[in-house]
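Asker: Attaching a single structure in structure tokens format; questions to follow.
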Amino acid sequence: MNHPIRFERLLIARLSAVGDVICVLPALEAIRRSFPAARIGFLVEDRAYELIAGHPAVDRVHLYPRQRWQRGLRRPAAWRDTWRELRSLIKEMRQERYDVVLELQGNLKGAALSFLSGGKLRVGFSAADCREGSHLWAHRHFPPLPKPTHLVDKFLAAAAFLGADPAKARFRLPDSQRSRDRVDEFLQSKNLVSYAVIHPGTSHFGRRKRWPPERFGRVAEQLGSELGIPSVVVWGPGEEDLASRVAADSGGKAALSFKTGLLDLAELLRRARIFIGCDSGPLHLATAVATPSVALFGPVDPRVYAPWRHPRSRVLYKQGPDGVGDIEAIQAEDVLRACRELLAA
């Protein structure tokens, strides 16, 4: 049995993606509640920053401005500013004098930044559970995990390696009165009280996980006409046209959401009757606020990324002839059947 690792100052490094950062939150909570006197820092990218900034379990947030730095690297005139900002981030982390760095990114970027943080002890995944040789940068490794292991349980195993009690895990998000006010204003403007939320998008890299937008439109039309539940179609960066297509195919039963931040979206989901979407950040956000969810999975294993310990969820997954999940094999009626079951319950 592993002995707990002693620390007073802990840095958690999980930069992205949005859904993955959400999946870290139960482990973060288990650590905070197991070590209430510890000072906890969190290194995170700009896309998920809103989930960590102001989180009651985090004392110091270190921002890795990935999008700005990527743009800067394409412009030689901006290289000096980007280098200066990187040095500033390193200095900021080192000033905290972290005893332990919990590296949960599991790739070379996360390992390198953990090294640059100056933390005395770097703890990370074993070679079997990470990429790009990032295990070579860690002093100590978590025991290898069985395959498949849900992502939340993977992070909880890391927290337990530090000595945290996994039984103390739960989802918690920063509180935002501004988001409550913005959602109030939107719902009042659309005269919405009881509604579904549909998210048809995925990240750019996860386009193979998308379900045809006309089928989302069909689901919205049926929810409205059969069950009397209108839909709100939410969207992220680069997804507005996709969301507009879903709303247009709904026969007037779906409204396009306003441009939401992550905490706005969490508040919109918290009040919804049901959420319908593919494997993406909003699905995990719906899980975090305990909204009944219909999750559509394609090539990604739902045993790893499905809603975590969420009894009011339905996972739709169909294998194609090659044994890989085929999201287009899921029909609108499959989704509607799952919606009826959850709404009836």
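Asker: Where does the chain land at 222 nm, in deg cm²/dmol rounded to the nearest 500, when only DSSP H runs of n ≥ 4 count, each adding -39500 (n - 2.57), divided by all residues?
Answerer: Taken over the chain, the calculation gives -12000 deg cm²/dmol.
Asker: Among His284, His310, His135, which one moves the most in a GNM of the chain with springs linking Cα atoms closer than 10 Å?
Answerer: Fluctuation is largest for His310.
Asker: Then there's this: If I take R0 = 41 Å and measure r between the Cβ atoms of Glu185 and Arg94 in this structure, what FRET efficiency does the formula 1/(1 + (r/R0)^6) give, to the nearest 0.05?
Answerer: In this case the efficiency is close to 0.45.
Asker: Another one. Amide H of Asn107 versus every other amide H placed in the peptide plane: which residues, excluding those fewer than 5 positions away on the same chain, fall under 5 Å?
Answerer: Arg131
Asker: What is the helix-to-structure angle for 332-344, meaning the angle in degrees between its Cα long axis and the longest Cα principal axis of the chain, kept from 0 to 90 and rounded to the nearest 10?
Answerer: The angle comes out at about 80 degrees.
Asker: Full extension from Gln70 to Ala167: what is 0.36 nm times the residue separation minus their Cα-Cα distance, to one decimal in nm?
Answerer: Details: separation 97, 0.36 × 97 = 34.92 nm, distance 3.92 nm.
Taking 0.36 nm per residue and subtracting the Cα distance, the gain is 31.0 nm.
Asker: Of the labelled options [x] 18.5; [y] 25.9; [z] 19.8, which one gives mean projected area of the Cα convex hull in nm² as computed for this structure?
Answerer: [x]
Asker: Antiparallel DSSP bridges in the chain: what percent, to the nearest 5?
Answerer: Around 5 percent antiparallel, to the nearest 5.
Asker: Compute the FRET efficiency between Ala344 and Ser126 as 1/(1 + (r/R0)^6), taking r as their Cβ-Cβ distance and R0 = 41 Å, and round to the nearest 0.05.
Answerer: 0.40
Asker: Scan around Ser126 for amide H atoms under 5 Å from its own, H built in the peptide plane at 1.01 Å from N, and keep only partners 5 or more places away or cross-chain.
Answerer: Result for Ser126 returns Phe142.
Asker: Would you please calculate the Kirkwood hydrodynamic radius of region 177-344 over all C-alpha pairs and express it in Å, rounded to one decimal?
Answerer: About 15.7 Å, per the Kirkwood formula over Cα pairs.
Asker: On a straight-distance basis, which lysines could pair with Lys190 in a cross-link, Cα separation under 26 angstrom, same-chain partners fewer than 8 positions away excluded?
Answerer: Filter leaves Lys253, Lys259.
Asker: Under 8 Å for C-alpha pairs, at least 6 residues apart: give me the relative contact order for the chain, rounded to a whole percent.
Answerer: 16 percent
Asker: In the calculated pair distance distribution of region 16-121, what percentage of Cα-Cα distances lie above 17 Å?
Answerer: That fraction is 56 percent.
Asker: Which of the lysines could a cross-linker span from Lys120 if the Cα-Cα distance has to be under 25 Å and same-chain partners fewer than 8 positions apart are dropped?
Answerer: Answer for Lys120, where 25 Å is the Cα cut-off: Lys91, Lys109, Lys154, listed by chain and number.
Asker: What are the residues whose amide H is under 5 Å from the amide H of Ala57, where those residues sit 5 or more places off or on another chain and H is modelled from the backbone?
Answerer: HN-HN under 5 Å from Ala57: empty list.
Asker: About its Cα centre, what dipole magnitude does the chain give when the only charges are +1 on Lys and Arg Cβ and -1 on Asp and Glu Cβ, stated in debye to the nearest 20? Don't skip to the answer; put the middle values down first.
Answerer: Values: 52 positive and 38 negative charges, 204 e Å.
Value, rounded to 20: 980 debye.
Asker: Per-residue HN-Hα couplings for region 39-53, Karplus 6.51 cos²θ - 1.76 cosθ + 1.60 at θ = phi - 60°, whole Hz, x for Gly and Pro?
Answerer: Going residue by residue, I get 9, 10, x, 9, 9, 8, 7, 4, 4, 10, 4, 4, 6, 9, 4 Hz, with x marking Gly and Pro.
Asker: With θ set to phi - 60° and the Karplus curve 6.51 cos²θ - 1.76 cosθ + 1.60, what are the ³J(HN,Hα) couplings of region 95-106 in order, to the nearest whole Hz, using x for Gly and Pro?
Answerer: 5, 6, 6, 5, 6, 9, 10, 9, 8, 10, 6, x
Asker: Just to check I understand the Karplus step: with θ = phi - 60° and J = 6.51 cos²θ - 1.76 cosθ + 1.60, what whole-Hz values come out for region 277-293, glycine and proline as x?
Answerer: Result, rounded to whole Hz: x, 8, 5, 6, x, x, 4, 5, 5, 4, 4, 4, 9, 6, 7, x, 9.
Asker: Using the alpha-carbon atoms, what tilt in degrees (0 to 90, nearest 10) does helix 177-190 show relative to the longest principal axis of the chain?
Answerer: So the helix axis and the longest Cα principal axis differ by about 10 degrees.
Coordinate-derived values only; no laboratory data. Predicted model, so just to flag it, every value in this text is computed and none were measured. Counting neighbours? That spans all protein chains shown, and the Cβs are built from the backbone with ideal geometry, glycine included.
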